[in-house]
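Engineer: Before I ask anything, here is the structure I am working with.
Derivation of every value follows stated rules applied to the coordinates shown; laboratory data play no part. These numbers come from a predicted model, not from an experiment. Virtual Cβ from ideal backbone geometry, glycine too; neighbours counted across all protein chains shown.
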Amino acid sequence: MIQTLVVDVEHFVTYEYPKVVAAVGLITGNRQDAADAVQDAIVGYLASPPAHEISNLAAWITVVASNRLRDTQRSRAAEARALEKVGLADESVGDALTSLDIDVKRALGELPPKQREVCVLHYLLDQSIETIAEALGVSTGTIKTQLFRARQALATTLRKEDHRG
């Protein structure tokens, strides 16, 4: 079992790691800490493998790393609010993914977090609806609905930003 986990992780790191780090950065809006979150998810996977078989390690790690990074961001935000109350400045977070058009980045950033996550998993990581549903623990219908709503919102936002008239 351990040998299989190591082989899976070696394949993941060799072929999918950069895309997953970029995806986590895009989902969370924090490219700066995405690599650490992905590495933590890999360590967690090796240290305590999930009880059920993972059919797509990249999707699983993307979801786990995104959730952990969001938890960290919430903690930092709470800390920043506390520091603000006592008069200390808080740090800004987030670094955009450089390979995407700035309007697309902005439009993705305006989506609700779950829609943004589903879009990144589906379109950036080329994950199937079934794989995303399994990784997030929801039905395929929920994923289809999230994608539909996200596409509508993105189309509306990008149309408004189209400066060609």
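Engineer: Enumerate the amide H contacts of Asn30 below 5 Å, restricted to partners 5 or more residues apart or on another chain; note that Pro and chain-start residues carry no placed amide H.
Structural biologist: Correct list: Asp95.
Engineer: Would you mind computing, in nm to one decimal, how far apart the modelled labels at Asp103 and Tyr15 are, each placed 7 Å from Cα along Cα→Cβ?
Structural biologist: It is 3.5 nm.
Engineer: How much FRET efficiency would the formula 1/(1 + (r/R0)^6) give for Glu110 and Ala47, where r is the Cβ-Cβ distance and R0 is 41 Å, rounded to 0.05?
Structural biologist: So the FRET efficiency works out to roughly 0.65.
Engineer: What is the packing order of peptides 30-36, 124-130, 56-62, 69-75, taking the mean over residues of other C-beta atoms within 10 Å and listing the highest first?
Structural biologist: Most protected by this proxy first, the peptides run 56-62, 30-36, 124-130, 69-75.
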